[in-house]
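The values are calculated or read from the model by the stated rules, or taken from the named source; none is laboratory data. None of the values given here were measured: they were computed from a predicted structure. Using ideal geometry, Cβ is built from the backbone for each residue, glycine included, and neighbour counts are taken over all protein chains shown. Ligands, DNA and RNA are stripped out before the accessible areas are found, and what is left, the full protein with its side chains, is counted by its heavy atoms. Shrake-Rupley method; radii C 1.70, N 1.55, O 1.52, S 1.80 Å.
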Amino acid sequence: MKKSLSLGGLVITAALAFPTFATAAPILGQGLPTDNVNLAGGTVIDFESTGVVDAPSLSIAGVTFTGNTNIEVDSDYAGGYNTRGTYHMTNHGSGPDSFQFDFDTPVSAFGFLWGAADYTWTLSAFNGNNLLETLILNPTYASNSGDYFGIAHAGITHATLTINGSSDYVFIDNFTVNNANVSAVPVPAAVWLFGSGLVGLLGFNRKRS
């Protein structure tokens with residue numbers, strides 16, 4: 001029986017050096033994260049340049065991805081379960097059940113494709129030690145409709161993604177990331193963004209008997 005999940009199309013937007021121009025908001029929809037107004041115009045990080053990876057962390061385009069065990073990138077089940085492109089980040093159903101995304105520059109929004117999940121996961125955004133916002137990611141099962149999730153909130157320095165419930169779930173529910181995006185959030189005239197950058201993670205998927 002397949003039990004897997006994928007996260008993809010992560011989009012991150014640059015934080016303002018001025019007071020926030022918008023309230024915190026969840027980001028969700030279907031298509032690509034850059035279809036969302038908070039994430040439009042992003043730069044895609046699709047992992048195509050990394051090839052296969054098996055390491056404690058991976059830094060690319062201003063974002064560092066880490067897990068409580070090794071981060072892996074491969075091409076398994078490319079194009080399915082909300083993945084896009086060839087390569088994607090995964091836990092193979094036996095790796096990390098907790099991930100962290102550290103942004104070199106504080107961002108004001110981020111999002112990603114999410115697929116194949118059979119359980120709920122919690123996405124949390126932080127500024128330093130301060131929790132800014134959380135979002136529950138519901139299962140998407142075998143959907144390949146481009147389901148995406150994220151958070152918009154000024155000043156995000158890092159985010160975490162953790163499975164809800166027993167850590168034993170990680171041996172059943174695979175995690176995948178693919179097609180990351182970085183984009184500038186729309187701002188009022190006379191307000192300048194600095195450090196515009198967004199990372200998009202494409203979800204990847206694994207099958208497990």
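Annotations for the structure displayed:
- The fraction of accessible area contributed by carbon and sulfur in the range 43-115 is 45 percent, rounded to a whole number (1.4 Å probe; ligands and nucleic acids excluded).
- Integer Hz, Karplus 6.51/-1.76/1.60 couplings in order for the range 69-81, x for Gly and Pro: 9, 4, 7, 10, 10, 8, 10, 5, 6, 4, x, x, 6
- Under Karplus coefficients 6.51, -1.76 and 1.60, residue-wise ³J(HN,Hα) of the range 149-154 in Hz, glycine/proline x: 9, x, 9, 10, 6, 4
- Placed amide H near residue 116: partners under 5 Å, 5+ positions off or other chain: 6, 140, 141, 143
- Virtual paramagnetic centre 7 Å along Cα→Cβ of residue 64, amide N under 15 Å, in the range 123-143: 128
- Neighbours of residue 147, meaning other residues whose beta-carbon lies under 13 angstrom from its beta-carbon, give a summed charge of 0 when Lys and Arg score +1 and Asp and Glu score -1.
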